[in-house]
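Undergrad: Sending over a structure as C-alpha coordinates; questions will come in a sec.
The values are calculated or read from the model by the stated rules, or taken from the named source; none is laboratory data. Worth saying up front: this structure is predicted, and the values here are computed from it rather than measured. With ideal geometry, Cβ positions are generated from the backbone for all residues, glycine too; neighbour counts draw on all protein chains shown. Just the protein is used for accessible areas: all its heavy atoms, side chains included, with ligands, DNA and RNA removed. Shrake-Rupley method; radii C 1.70, N 1.55, O 1.52, S 1.80 Å.
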Amino acid sequence: MTIQIGVDLGGSNLRAAAFGEGVVPLASHKEPVGDDRAPAAIVERVATTIERLSAGADGPVIAGVGIAALLRDRRGTVASSPHLRWRDVPFGALLHHRLGPRFQLGVYNDVNAITWGEATAGAARGYRDVLAVYVGTGIGGGLITGGQLVEGASNCAGEIGHTKVRWNADAAPCMCGGRGCLEAYAGGRYLLARIRRELADPGRRTTVLERAGGVIDAVTPSHVDAAALDGDAWALALWTEIAWLLAVTLGNALALLNSQRLILGGGVLARTPALREMTATDLMRVAPPASLEPLTIAEAALGDDAGLVGAAQLARDGVSILA
(Lines give C-alpha, C1' and ligand atoms only; values in the text may rest on other atoms or scores of the structure.)
Protein backbone atom coordinates (compact mmCIF):
# COMPACT_ATOMS: atom_id res chain seq x y z
CA MET A 1 0.00 0.00 0.00
CA THR A 2 1.29 3.43 -0.95
CA ILE A 3 1.59 5.78 1.99
CA GLN A 4 0.59 9.41 1.51
CA ILE A 5 1.60 12.04 4.04
CA GLY A 6 -0.28 15.31 4.45
CA VAL A 7 1.29 18.16 6.41
CA ASP A 8 -0.26 21.45 7.54
CA LEU A 9 2.40 23.96 8.60
CA GLY A 10 0.64 26.96 10.13
CA GLY A 11 1.61 29.89 12.26
CA SER A 12 0.77 28.06 15.49
CA ASN A 13 0.89 24.31 14.86
CA LEU A 14 2.61 21.68 12.75
CA ARG A 15 0.11 18.93 11.97
CA ALA A 16 0.58 15.83 9.85
CA ALA A 17 -1.17 12.57 9.03
CA ALA A 18 -0.49 9.37 7.09
CA PHE A 19 -3.15 8.07 4.71
CA GLY A 20 -3.66 4.85 2.81
CA GLU A 21 -6.23 4.58 0.05
CA GLY A 22 -8.90 6.68 1.83
CA VAL A 23 -9.17 9.95 3.73
CA VAL A 24 -9.23 8.47 7.25
CA PRO A 25 -5.77 8.95 8.80
CA LEU A 26 -3.77 5.85 9.64
CA ALA A 27 -1.67 7.89 12.07
CA SER A 28 -1.41 11.56 12.98
CA HIS A 29 0.89 14.02 14.68
CA LYS A 30 0.56 17.53 16.13
CA GLU A 31 3.07 19.84 17.80
CA PRO A 32 3.36 23.60 18.32
CA VAL A 33 5.53 25.48 15.85
CA GLY A 34 7.26 27.13 18.81
CA ASP A 35 9.66 30.04 18.93
CA ASP A 36 12.48 28.71 16.74
CA ARG A 37 11.14 29.49 13.29
CA ALA A 38 14.44 29.54 11.42
CA PRO A 39 13.92 27.81 8.05
CA ALA A 40 16.54 25.14 8.78
CA ALA A 41 14.87 24.25 12.08
CA ILE A 42 11.39 24.05 10.55
CA VAL A 43 12.64 21.99 7.59
CA GLU A 44 14.23 19.49 9.95
CA ARG A 45 11.07 19.15 12.03
CA VAL A 46 8.82 18.72 9.00
CA ALA A 47 11.19 16.16 7.47
CA THR A 48 11.48 14.22 10.72
CA THR A 49 7.69 14.15 11.05
CA ILE A 50 7.24 12.87 7.49
CA GLU A 51 9.89 10.20 8.01
CA ARG A 52 8.34 9.05 11.28
CA LEU A 53 4.84 8.76 9.80
CA SER A 54 6.12 6.85 6.76
CA ALA A 55 8.47 4.54 8.66
CA GLY A 56 6.56 1.38 7.73
CA ALA A 57 6.22 2.17 4.03
CA ASP A 58 7.83 0.07 1.33
CA GLY A 59 9.17 2.03 -1.62
CA PRO A 60 8.45 5.65 -2.54
CA VAL A 61 6.37 7.89 -0.27
CA ILE A 62 4.04 10.66 -1.40
CA ALA A 63 4.18 13.81 0.76
CA GLY A 64 2.21 17.03 0.40
CA VAL A 65 2.86 20.07 2.59
CA GLY A 66 0.45 22.96 2.97
CA ILE A 67 2.13 26.06 4.36
CA ALA A 68 0.69 29.35 5.62
CA ALA A 69 2.53 31.47 3.10
CA LEU A 70 2.34 33.43 -0.11
CA LEU A 71 4.23 31.26 -2.59
CA ARG A 72 6.23 32.53 -5.53
CA ASP A 73 6.40 29.41 -7.72
CA ARG A 74 5.55 25.72 -7.93
CA ARG A 75 8.71 24.68 -6.11
CA GLY A 76 7.46 25.85 -2.74
CA THR A 77 9.45 29.09 -2.60
CA VAL A 78 7.96 31.29 0.13
CA ALA A 79 7.68 34.91 -0.97
CA SER A 80 6.24 35.93 2.38
CA SER A 81 4.93 34.21 5.50
CA PRO A 82 4.14 36.78 8.18
CA HIS A 83 3.14 34.09 10.66
CA LEU A 84 6.43 32.18 10.26
CA ARG A 85 8.33 35.46 9.86
CA TRP A 86 9.84 34.30 6.55
CA ARG A 87 10.57 36.18 3.36
CA ASP A 88 12.18 34.75 0.21
CA VAL A 89 12.79 31.26 1.65
CA PRO A 90 13.28 28.29 -0.76
CA PHE A 91 11.34 26.03 1.59
CA GLY A 92 10.39 23.42 -1.00
CA ALA A 93 13.94 23.01 -2.30
CA LEU A 94 15.34 22.78 1.23
CA LEU A 95 12.79 20.14 2.27
CA HIS A 96 13.22 18.20 -0.97
CA HIS A 97 17.00 18.09 -0.45
CA ARG A 98 16.58 17.00 3.17
CA LEU A 99 14.12 14.20 2.38
CA GLY A 100 15.84 12.83 -0.70
CA PRO A 101 14.52 11.15 -3.85
CA ARG A 102 12.44 8.50 -2.08
CA PHE A 103 9.79 11.13 -1.34
CA GLN A 104 7.45 12.52 -4.01
CA LEU A 105 7.05 16.00 -2.55
CA GLY A 106 4.66 18.85 -3.30
CA VAL A 107 4.38 22.16 -1.44
CA TYR A 108 1.14 24.14 -1.53
CA ASN A 109 -0.46 27.22 -0.05
CA ASP A 110 -2.30 26.03 3.05
CA VAL A 111 -5.73 27.30 1.98
CA ASN A 112 -5.33 25.72 -1.45
CA ALA A 113 -4.69 22.43 0.31
CA ILE A 114 -7.68 23.00 2.61
CA THR A 115 -9.91 23.84 -0.35
CA TRP A 116 -8.85 20.71 -2.20
CA GLY A 117 -9.47 18.66 0.93
CA GLU A 118 -13.03 19.99 1.12
CA ALA A 119 -13.45 19.19 -2.59
CA THR A 120 -12.14 15.66 -2.07
CA ALA A 121 -14.22 14.68 0.94
CA GLY A 122 -15.96 17.69 2.46
CA ALA A 123 -18.33 20.58 1.83
CA ALA A 124 -17.18 21.15 -1.78
CA ARG A 125 -17.44 17.54 -2.91
CA GLY A 126 -19.34 17.30 -6.19
CA TYR A 127 -18.97 21.00 -7.05
CA ARG A 128 -16.84 22.08 -10.02
CA ASP A 129 -16.70 25.81 -9.25
CA VAL A 130 -15.82 26.70 -5.67
CA LEU A 131 -14.64 29.72 -3.70
CA ALA A 132 -13.40 28.88 -0.20
CA VAL A 133 -12.56 31.67 2.23
CA TYR A 134 -11.08 31.08 5.65
CA VAL A 135 -11.10 33.84 8.26
CA GLY A 136 -8.75 32.85 11.06
CA THR A 137 -5.55 34.46 12.34
CA GLY A 138 -5.22 35.70 8.76
CA ILE A 139 -7.53 35.43 5.75
CA GLY A 140 -6.92 33.08 2.85
CA GLY A 141 -8.83 31.83 -0.16
CA GLY A 142 -8.85 28.87 -2.47
CA LEU A 143 -10.37 28.62 -5.97
CA ILE A 144 -11.63 25.69 -8.01
CA THR A 145 -12.92 26.32 -11.53
CA GLY A 146 -14.10 23.61 -13.87
CA GLY A 147 -13.06 21.02 -11.30
CA GLN A 148 -9.44 22.20 -11.27
CA LEU A 149 -7.55 23.95 -8.47
CA VAL A 150 -6.49 27.43 -9.61
CA GLU A 151 -2.89 28.15 -8.65
CA GLY A 152 -2.22 31.07 -10.99
CA ALA A 153 0.81 31.93 -13.11
CA SER A 154 3.20 32.02 -10.16
CA ASN A 155 1.23 29.90 -7.67
CA CYS A 156 -0.26 32.75 -5.63
CA ALA A 157 -3.87 32.84 -6.85
CA GLY A 158 -6.65 33.10 -4.30
CA GLU A 159 -4.99 35.56 -1.88
CA ILE A 160 -8.31 37.19 -1.10
CA GLY A 161 -7.09 38.45 2.28
CA HIS A 162 -4.77 40.84 0.47
CA THR A 163 -7.36 42.46 -1.74
CA LYS A 164 -7.77 46.11 -0.81
CA VAL A 165 -10.75 47.41 1.13
CA ARG A 166 -9.25 50.77 2.12
CA TRP A 167 -6.91 52.96 0.07
CA ASN A 168 -6.69 56.31 1.81
CA ALA A 169 -3.85 57.67 3.94
CA ASP A 170 -5.30 55.97 7.03
CA ALA A 171 -5.44 52.49 5.49
CA ALA A 172 -4.33 49.93 8.07
CA PRO A 173 -0.89 48.34 7.59
CA CYS A 174 -0.79 44.61 6.89
CA MET A 175 1.99 42.16 7.77
CA CYS A 176 2.34 41.41 4.05
CA GLY A 177 3.95 44.85 3.69
CA GLY A 178 0.93 46.49 2.07
CA ARG A 179 -1.84 48.66 3.46
CA GLY A 180 -5.61 48.46 3.36
CA CYS A 181 -5.83 44.67 2.98
CA LEU A 182 -9.00 42.88 4.07
CA GLU A 183 -6.87 40.83 6.46
CA ALA A 184 -5.70 43.99 8.22
CA TYR A 185 -9.32 44.65 9.23
CA ALA A 186 -11.04 41.26 9.52
CA GLY A 187 -8.17 38.85 10.16
CA GLY A 188 -8.21 37.48 13.70
CA ARG A 189 -4.85 38.91 14.75
CA TYR A 190 -5.77 42.44 13.67
CA LEU A 191 -9.38 42.23 14.77
CA LEU A 192 -8.48 41.14 18.29
CA ALA A 193 -5.88 43.90 18.61
CA ARG A 194 -8.46 46.49 17.55
CA ILE A 195 -11.11 45.15 19.93
CA ARG A 196 -8.75 45.29 22.92
CA ARG A 197 -7.40 48.69 21.91
CA GLU A 198 -10.89 50.20 21.73
CA LEU A 199 -11.98 48.57 24.98
CA ALA A 200 -9.06 50.25 26.74
CA ASP A 201 -10.91 53.54 26.32
CA PRO A 202 -12.49 54.15 29.76
CA GLY A 203 -15.37 55.96 28.10
CA ARG A 204 -16.34 52.95 25.98
CA ARG A 205 -19.91 51.91 26.74
CA THR A 206 -20.31 48.20 26.02
CA THR A 207 -20.98 44.92 27.79
CA VAL A 208 -18.13 43.13 26.03
CA LEU A 209 -15.53 43.64 28.75
CA GLU A 210 -17.95 42.46 31.42
CA ARG A 211 -18.56 39.26 29.44
CA ALA A 212 -14.81 38.57 29.62
CA GLY A 213 -14.71 38.98 33.39
CA GLY A 214 -13.45 42.54 33.21
CA VAL A 215 -10.06 41.48 31.84
CA ILE A 216 -9.14 43.07 28.49
CA ASP A 217 -6.59 40.39 27.65
CA ALA A 218 -9.33 37.76 28.06
CA VAL A 219 -11.61 39.35 25.46
CA THR A 220 -12.10 37.44 22.20
CA PRO A 221 -14.23 38.05 19.10
CA SER A 222 -16.71 35.55 20.58
CA HIS A 223 -17.48 38.02 23.38
CA VAL A 224 -18.16 40.72 20.78
CA ASP A 225 -20.39 38.32 18.87
CA ALA A 226 -22.45 37.49 21.94
CA ALA A 227 -22.82 41.19 22.74
CA ALA A 228 -23.91 41.94 19.17
CA LEU A 229 -26.58 39.25 19.40
CA ASP A 230 -27.87 41.00 22.52
CA GLY A 231 -28.02 44.37 20.79
CA ASP A 232 -24.88 45.98 22.25
CA ALA A 233 -24.44 49.18 20.22
CA TRP A 234 -20.63 49.17 20.07
CA ALA A 235 -20.44 45.48 19.18
CA LEU A 236 -23.12 45.88 16.51
CA ALA A 237 -21.32 48.86 14.97
CA LEU A 238 -18.04 46.97 14.80
CA TRP A 239 -19.63 43.84 13.34
CA THR A 240 -21.59 45.92 10.83
CA GLU A 241 -18.31 47.42 9.57
CA ILE A 242 -16.45 44.09 9.40
CA ALA A 243 -19.36 42.18 7.85
CA TRP A 244 -19.65 44.79 5.11
CA LEU A 245 -15.94 44.59 4.27
CA LEU A 246 -16.12 40.80 4.10
CA ALA A 247 -19.32 40.84 2.04
CA VAL A 248 -18.05 43.37 -0.51
CA THR A 249 -14.85 41.36 -0.97
CA LEU A 250 -16.80 38.12 -1.39
CA GLY A 251 -19.30 39.76 -3.73
CA ASN A 252 -16.56 41.11 -5.97
CA ALA A 253 -14.91 37.69 -6.08
CA LEU A 254 -18.19 36.01 -7.02
CA ALA A 255 -18.75 38.57 -9.77
CA LEU A 256 -15.48 37.41 -11.30
CA LEU A 257 -15.73 33.68 -10.60
CA ASN A 258 -19.44 32.80 -10.76
CA SER A 259 -18.88 30.01 -8.22
CA GLN A 260 -21.46 27.33 -7.44
CA ARG A 261 -20.30 26.86 -3.87
CA LEU A 262 -18.99 29.33 -1.32
CA ILE A 263 -17.34 27.75 1.69
CA LEU A 264 -16.80 29.93 4.74
CA GLY A 265 -14.45 28.63 7.41
CA GLY A 266 -11.65 29.52 9.77
CA GLY A 267 -11.46 29.99 13.51
CA VAL A 268 -12.93 33.49 13.60
CA LEU A 269 -16.09 32.71 11.61
CA ALA A 270 -16.51 29.38 13.39
CA ARG A 271 -16.81 31.20 16.72
CA THR A 272 -18.82 34.25 15.60
CA PRO A 273 -22.18 33.10 14.22
CA ALA A 274 -23.64 36.61 14.29
CA LEU A 275 -20.77 38.01 12.20
CA ARG A 276 -21.10 35.12 9.77
CA GLU A 277 -24.84 35.68 9.39
CA MET A 278 -24.43 39.44 8.94
CA THR A 279 -21.78 38.80 6.27
CA ALA A 280 -24.05 36.38 4.41
CA THR A 281 -26.94 38.87 4.57
CA ASP A 282 -24.80 41.72 3.24
CA LEU A 283 -23.47 39.45 0.50
CA MET A 284 -27.01 39.05 -0.84
CA ARG A 285 -27.12 42.84 -1.23
CA VAL A 286 -23.78 43.39 -2.96
CA ALA A 287 -23.18 40.38 -5.21
CA PRO A 288 -24.64 40.48 -8.74
CA PRO A 289 -28.03 38.70 -8.73
CA ALA A 290 -26.99 36.48 -11.64
CA SER A 291 -23.93 35.33 -9.66
CA LEU A 292 -26.14 34.44 -6.70
CA GLU A 293 -28.59 32.27 -8.65
CA PRO A 294 -26.42 29.11 -8.74
CA LEU A 295 -24.70 29.78 -5.41
CA THR A 296 -24.97 27.79 -2.20
CA ILE A 297 -23.10 28.75 0.97
CA ALA A 298 -21.75 26.13 3.34
CA GLU A 299 -19.57 25.86 6.40
CA ALA A 300 -16.27 24.02 6.08
CA ALA A 301 -16.88 20.36 6.96
CA LEU A 302 -13.50 18.74 7.61
CA GLY A 303 -12.12 21.08 10.25
CA ASP A 304 -8.39 20.73 10.89
CA ASP A 305 -8.18 17.61 8.71
CA ALA A 306 -9.01 19.43 5.46
CA GLY A 307 -5.47 20.69 4.85
CA LEU A 308 -3.96 17.28 5.58
CA VAL A 309 -6.35 15.50 3.23
CA GLY A 310 -5.91 18.11 0.50
CA ALA A 311 -2.10 18.28 0.63
CA ALA A 312 -1.80 14.49 0.49
CA GLN A 313 -4.32 14.27 -2.37
CA LEU A 314 -2.62 17.01 -4.42
CA ALA A 315 0.74 15.28 -4.09
CA ARG A 316 -0.81 11.92 -4.97
CA ASP A 317 -2.34 13.52 -8.09
CA GLY A 318 1.12 14.79 -9.08
CA VAL A 319 0.32 18.51 -8.72
CA SER A 320 3.44 20.74 -8.55
CA ILE A 321 5.78 17.92 -7.58
CA LEU A 322 9.40 18.93 -6.99
CA ALA A 323 11.94 17.13 -9.16
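Undergrad: What net charge do the residues around residue 254 carry, taking every other residue with its C-beta under 13 Å from that of residue 254, with Lys and Arg at +1 and Asp and Glu at -1?
TA: With Lys, Arg at +1 and Asp, Glu at -1, the neighbours total -1.
Undergrad: Enumerate the amide H contacts of residue 180 below 5 Å, restricted to partners 5 or more residues apart or on another chain; note that Pro and chain-start residues carry no placed amide H.
TA: For residue 180, the qualifying residues are 172, 174.
Undergrad: From the helices alone, meaning DSSP H stretches of at least four residues, give me the mean residue ellipticity at 222 nm for the chain, per-run term -39500 (n - 2.57), in deg cm²/dmol to the nearest 500.
TA: Calculated from helices alone, the mean residue ellipticity at 222 nm is -11500 deg cm²/dmol.
Undergrad: Between 0 and 90 degrees, rounded to the nearest ten: what's the tilt of helix 273-286 against the longest Cα principal axis of the chain?
TA: Helix 273-286 sits at roughly 80 degrees to that axis.
Undergrad: What does the chain give for Rg and for Dmax, in Å, if only its C-alpha atoms count?
TA: When restricted to Cα atoms, the chain yields Rg and Dmax of 20.0, 66 Å.
Undergrad: Taking the highest mean first, how do the peptides 107-113, 118-124 order by number of other beta carbon atoms within 10 angstrom per residue?
TA: Ranked from most to least packed, the peptides come out as 107-113, 118-124.
Undergrad: How big is the dipole moment of region 175-323 about its Cα centre under a simple scheme where the beta carbon of each Lys and Arg is +1, that of each Asp and Glu is -1, and everything else is neutral? Debye, nearest 20, please.
TA: 300 debye
Undergrad: With +1 assigned to the C-beta of every Lys and Arg and -1 to the C-beta of every Asp and Glu, and no other charges, what is the dipole magnitude of the chain about the Cα centre in debye, to the nearest 20?
TA: 500 debye
Undergrad: On to the next question. Accessible area, 1.4 Å probe, largest first: how do 304, 282, 58 sort? Don't jump to the answer; show the numbers that get you there.
TA: Working: 304 100, 282 20, 58 135 Å².
Descending order: 58, 304, 282.
Undergrad: Given a 1.4 Å probe and the protein chains all in place, what does the accessible area of residue 30 round to, in Å² to the nearest 10?
TA: Ignoring ligands and nucleic acids, residue 30 comes out at about 130 Å².
Undergrad: Identify which of 297, 114, 144 has the largest mean-square fluctuation in a Gaussian network model of the chain, with springs joining Cα atoms closer than 10 Å.
TA: 297
Undergrad: Each residue of region 72-88 in turn: what ³J(HN,Hα) in whole Hz from Karplus with 6.51, -1.76, 1.60 and θ = phi - 60°, glycine and Pro shown as x?
TA: 9, 7, 9, 10, x, 7, 8, 6, 7, 9, x, 6, 9, 6, 10, 8, 6
Undergrad: Which whole-number percent gives the relative contact order of the chain, counting Cα pairs below 8 Å spaced six or more residues apart?
TA: RCO, the chain: 22 percent.
Undergrad: Here's another thing I want to ask about it. Take the alpha-carbon centre of region 134-169, take the same for region 22-52, and report the distance between them in whole Å.
TA: That distance is 25 Å.
Undergrad: Here's a follow-up. For region 181-323, give the percent of accessible area contributed by carbon and sulfur heavy atoms, probe 1.4 Å, rounded to a whole number.
TA: 53 percent
Undergrad: If you don't mind, another one. Mind grabbing the accessible area of residue 185 for me, 1.4 Å probe, Å², rounded to tens?
TA: Estimated to the nearest 10 Å², residue 185 gives 30 Å².
Undergrad: Could you tell me the relative contact order of region 204-287? Use alpha-carbon pairs under 8 Å, at least six residues apart, and round to a whole percent.
TA: Once divided by the residue count of region 204-287, the mean separation gives 34 percent.
Undergrad: Would you work out the relative contact order for region 15-72, in percent, from Cα pairs under 8 angstrom that are 6 or more residues apart?
TA: Once normalised by length, the contact order is 27 percent.
Undergrad: Just want the answer: with Cβ charges of +1 for Lys and Arg and -1 for Asp and Glu, which residue in 181, 291, 274 is farthest toward the dipole's positive end in region 169-323?
TA: Result: 181.
Undergrad: Suppose every Lys and Arg Cβ carries +1 and every Asp and Glu Cβ carries -1, with no other charges. What dipole size does region 131-204 come out with about its Cα centre, to the nearest 20 debye?
TA: 280 debye
Undergrad: Sorting check: for 64-72, 44-52, which peptide has the highest mean count of neighbouring beta carbons within 10 Å, and how do the rest follow?
TA: Those peptides, ordered most packed to least, come out 64-72, 44-52.
Undergrad: How big is the accessible area of residue 215 in square angstrom, nearest 10, if you roll a 1.4 angstrom probe over the protein chains?
TA: Surface accessible to solvent at residue 215 totals approximately 80 Å².
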